[in-house]
1. Which condition from (1) farther than 23 Å from residue 219 by Cβ; (2) part of a helix (DSSP H, G or I); (3) touching a strand residue (DSSP E or B) at 6+ places or on another chain (Cβ under 9 Å) is the one that residue 160 breaks?
2. Might you check whether a residue that is surrounded by fewer than 19 Cβ atoms within 10 Å (Cβ to Cβ), part of a loop (DSSP other than H, G, I, E, B) and more than 13 Å from the chain's Cα centre (by Cα) occurs anywhere in the stretch 116-137?
3. Looking at 142, 93, 146, which one is outside any helix (DSSP H, G or I), under 19 Å from residue 248 (Cα atoms) and touching a residue at least 12 places away in the same chain (Cβ under 8 Å)?
4. Under 8 Å between Cβ atoms, at least 6 apart or on separate chains: pull out the pairs that start in the stretch 232-249 with a residue that is in the same structural domain as residue 206 (by TED's automatic domain parsing) and end on any residue that is in a helix (DSSP H, G or I) and loosely packed, with under 11 Cβ neighbours inside 10 Å.
5. With respect to residue 258, is the statement that it is under 22 Å from residue 129 (Cα atoms), more than 18 Å from the chain's Cα centre (by Cα) and not assigned by TED's automatic domain parsing to the domain that holds residue 30 true?
6. Name every residue in the stretch 250-278 that is assigned to a strand (DSSP E or B), without any contact (Cβ under 8 Å) to a residue 40 or more places away in the chain and surrounded by 16 or more Cβ atoms within 10 Å (Cβ to Cβ), in order of residue number.
7. Go through the residues of the stretch 182-190 one by one and say whether even a single one is outside the structural domain of residue 26 (by TED's automatic domain parsing), surrounded by 14 or more Cβ atoms within 10 Å (Cβ to Cβ) and in a helix (DSSP H, G or I).
């Protein structure tokens, strides 16, 4: 079926709907994105227009169409050890500092590390962190490791939870040594994360626009390369909520091209090697 064009009025209504259900802001000029991402859904449902698709979504009480739209619109662009420098920062600065802090506080107990990846996508970020910890000798027999990954997409969370990746996904960021050490080959094009890595992580669907309930406090929060999809007002609210689930000494990591300057004054930036991280202002 030929791709159906979205009218200006349909785009206006559809972008408001997407904003309401996900917080993702689609500005004028993104019509092509909706047409490309939603074309398979329109085909499957036999809708003749975006107005009809919107009506079907709003009257679907099981919210299956809504979830499909979120899965399609949310950008799950990610890969293992993305940008490299944050993982070097964790390895050489943040993890050692936290281990030292927790060991001094409780010399006889197992130190606890709690980390949240707030835009986890399909799990590559969390598993890259888990591999970093294991390579540092920070293992579950010596430390209480709690890695928590969330995403708004059901499909992304399902893949992250299962830990299965195709050859293209594996080749993005993983060297052969790590591939052989931490993955099992399922067939010619599929690789599954080993149980020792998978066991370190928990995954859950979460909309950052909704209240953060029952998360507890984290030593580290990663919220990388996701805020560009939100309005300025929503970014301010999300950072405010993130601050409430961080320990007083906690670390916040955002994308290498992102900045907090116009969104919050809660944190101050600090530099280590080639990386910037954020902590509460003293």
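1. Result: residue 160 fails condition (1) only.
2. Taking the stretch 116-137 and keeping what is surrounded by fewer than 19 Cβ atoms within 10 Å (Cβ to Cβ), we get 132, 134-137.
Next cut, part of a loop (DSSP other than H, G, I, E, B) only: 136-137.
Then drop every residue that is not more than 13 Å from the chain's Cα centre (by Cα), which leaves 136-137.
Yes - at least one qualifying residue is present in the stretch 116-137.
3. None of the other options fit; the residue is 146.
4. Cβ pairs passing all conditions: none.
5. Taking the combined requirement at face value, the residue does not satisfy it.
6. Let us first name the residues in the stretch 250-278 that are assigned to a strand (DSSP E or B), namely 250-254, 267-272, 275-278.
Pick out the ones that are also without any contact (Cβ under 8 Å) to a residue 40 or more places away in the chain and you get 250, 252, 254, 267-271, 276, 278.
Passing the criteria: 250, 252, 254, 267, 276, 278.
7. Yes: the stretch 182-190 contains one or more residues that are outside the structural domain of residue 26 (by TED's automatic domain parsing), surrounded by 14 or more Cβ atoms within 10 Å (Cβ to Cβ) and in a helix (DSSP H, G or I).
The values are calculated or read from the model by the stated rules, or taken from the named source; none is laboratory data. Since this is a predicted model, take the numbers as computed values, not measurements. Neighbour counts are summed over all protein chains in view; Cβ atoms, including those assigned to glycine, are modelled from backbone coordinates with ideal geometry.
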